[in-house]
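Below is one structure, written out as structure tokens; comments come after it.
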Amino acid sequence: MSQTAYRGAQDNRLKYLLSYVSDHSPYYQRVFREHGVDIEAVFKIADLSALPFTTKDDLAAANDDFLCVPKSRIADYVTTSGTLSDPVAFYLTDSDIERLATNEAESFKCAGGSERDIYQLMTTIDRRFMAGLAYWMGARKMGAGMIRVGPGAPYLQWESIRRFSPTVIIAIPSFIPRLIDYALANGIDFQSSSIQSIICIGEPIRNPDFTFNELGKRITSQWNVKLFSTYASTEMGAAFTECSEGKGGHLNPDLLILEVVDEDGKAVEEGELGEVVVTTLGVEGMPLLRYKTGDLCHVYYSPCACGRTSPRLGPVVGRKQQMIKFKGTTIFPPAIFDVLDMVSEIELYQVVVSKNEFGNDEITVLLAMHLHTPAFREMLHSLFKSRLRVTPVFEFITAEELSSRIFRQEKRKPEKLIYI
């Protein structure tokens, strides 16, 4: 679809959305009234600046006021991951679940998938996790098979691969080195397995220039598989997924209107860094207008070599709320992860961000006790100095305690980063 065609279609969907929330959303009814918004004056996407942004704080403070249908019509209840605050509830109708399936089917196809593939899901499908449901629904809609193994359990993962011959893994990428280490330790010939590609969720595997970061390098240097990066969130109910070109995640223009803005709320230019802002299309339960995700990405408007013409997002550089000011240096957590992922001896780690008595940020990296030697500490110190110009505090605890801190029973994802 040409840029002119999809933008025209988005203009029409935007007009419908504005009418819909004006009729059904208590939150947006109040916002339109307080800001004097005339929805009849918003004809196209270029007019979006007439509308105020919606923030994470707005969503948390007036959660149920965003709901546009009676709760008797809710088919599925999910919550956000709550990385930096309490989880926010999202309510999905049957139509919203079908939209999830459409998104994921198209995302799988973007990453080279087809009905001939078998996907092995290495994330949870329960615990109010929208993504796990979306992956299963998407595979079903596309006509592909799905093996729902869930997170962790390297033995069960490899046993499932041996038994069912899946072609694609869906996983948090930091789990893959553990999977490889288990295979090496147990004589599993993973290079000859059926796996052809990995859809990586929740963590970046590329640098802003689209080269692999240290985690991506670590995986591809050991395993001859294709990696596909994705970017998604519960709030948008959709995903930006890489194609085989590996030059950013593609927008699905049927499901989202994308803006990428600077500190003043102005759209950034081709290749520039800004905050991702989305307006959800086709959502019945809890649609969002100009929702500021807090995620910072580079945006690309030029057509991709794959032939798609919709905008692309580069990897998440960081979240505005997670910016750390440490010893005069501004750091985002992915930069810390990238240094730690360079060290093959490190299997697990947790980064703890806290405030000292003067209100300044402090960074502590928790590592397994067996790594605690003067030579290893000195190597890490030098590595951080050379890459980030500053060095965090290193603390060493038992492997059991570290694992229990990272893989908490009540959490859906490994906690590589915590704020205290």
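The values are calculated or read from the model by the stated rules, or taken from the named source; none is laboratory data. Since the model is a prediction, treat every value here as computed from it, not as a measurement. Cβ coordinates were reconstructed from backbone atoms using ideal geometry, including for glycine residues, and neighbour counts include every protein chain displayed. When the accessible area is computed, the model is the full protein with side chains, heavy atoms only, and any ligands, DNA or RNA have been set aside. Shrake-Rupley method; radii C 1.70, N 1.55, O 1.52, S 1.80 Å.
Note on segment 272-420: Cα-Cα pairs beyond 29 Å make up 32% of the total pair count. Once you order the gyration tensor axes a ≥ b ≥ c over the Cα atoms, which shape class does segment 256-311 get: rounded for a/c under 1.5, otherwise prolate or oblate by comparing a/b with b/c? Judged from the Cα gyration tensor, segment 256-311 comes out oblate (a/c at least 1.5, b/c at or above a/b). Backbone amide hydrogens, once placed in the peptide plane, bring L288 within less than 5 Å of T280, excluding anything fewer than 5 places away on its chain. Taking the C-alpha atoms only, the angle from helix 3-24 to the longest principal axis of the chain is near 70 degrees. The HN-Hα couplings worked out from phi for segment 297-309 by the Karplus form 6.51 cos²θ - 1.76 cosθ + 1.60 (θ = phi - 60°) are 9, 7, 10, 10, 9, 6, x, 7, 4, 6, x, 6, 10 Hz, whole numbers, x standing for Gly and Pro.
In the chain, the longest principal axis of the Cα atoms and the axis of helix 374-388 are about 30 degrees apart.
Descending by average beta-carbon neighbour count within 10 Å, the peptides 247-259, 185-197, 161-173, 25-37 line up as 247-259, 161-173, 25-37, 185-197, the highest first.
Remark: segment 115-201 projects, on average over all directions, an area of 5.3 nm² (convex hull of Cα atoms).
P(r) tail for segment 137-246: Cα pairs beyond 23 Å make up 28% of the total.
Listed by chain and number, the lysines placed with their C-alpha closer than 18 angstrom to that of K292 are K56, K266, K320; residues fewer than eight positions away on the same chain are left out. Close amide H contacts of D76 (hydrogens built in the peptide plane, cut-off under 5 Å, sequence separation of 5 or more or a different chain): L92. Put simply, the Cα atoms of the chain extend 67, 57, 43 Å along their principal axes, the longest span coming first. To the nearest 500 deg cm²/dmol, what mean residue ellipticity at 222 nm is calculated for the chain from DSSP H runs of n ≥ 4 alone, each contributing -39,500 (n - 2.57), summed and divided by the residues? For the chain, the value works out to -9500 deg cm²/dmol. Rolling a 1.4 angstrom probe over the chain with all protein chains present gives an accessible area of which 50% lies on carbon and sulfur atoms. Once the Cα atoms are used to define both axes, helix 176-185 deviates from the longest principal axis of the chain by about 30 degrees. Based on Cα contacts under 8 Å between residues 6+ apart, the chain shows a relative contact order of 12 percent.
Each Lys and Arg contributes +1 and each Asp and Glu -1, all at the Cβ; summed about the Cα centre of segment 214-281, the dipole is approximately 620 debye.
Across the options S49, A105, Y119, the greatest Cα extent toward the positive end of the charge dipole of segment 26-138 (unit charges at beta carbon of Lys, Arg, Asp, Glu) belongs to Y119. Averaging the Cα positions of each part gives two centres, and for segment 235-294 and segment 356-420 these lie 32 Å apart. For segment 201-307, the convex hull spanned by the alpha carbon atoms encloses 110 Å³ per residue. Peptide packing for 108-115, 227-234 was compared via the average number of neighbouring C-beta atoms within 10 Å per residue; ordered from the highest value, the list is 227-234, 108-115.
The packing ranking, built from the mean of other Cβ atoms within 10 Å per residue, places the peptides 271-280, 383-392, 132-141 in the order 132-141, 271-280, 383-392, highest first.
Each Cα pair of segment 374-420 feeds into the Kirkwood radius, which the Stokes-Einstein equation turns, at 37 °C and 0.692 mPa s, into a diffusion coefficient of 258 µm²/s. Partner lysines whose Cα lies under 16 Å from the Cα of K226, excluding those fewer than 8 positions away in the same chain, are identified as K109, K217, K247.
Of the residues V21, N224, M342, the one whose Cα sits farthest toward the positive end of the charge dipole of the chain, with +1 on the Cβ of Lys and Arg and -1 on the Cβ of Asp and Glu, is N224.
Taking amide H positions as modeled 1.01 Å from N, with prolines and chain starts lacking one, the residues under 5 Å from G318 and 5 or more places away or on another chain are L296.
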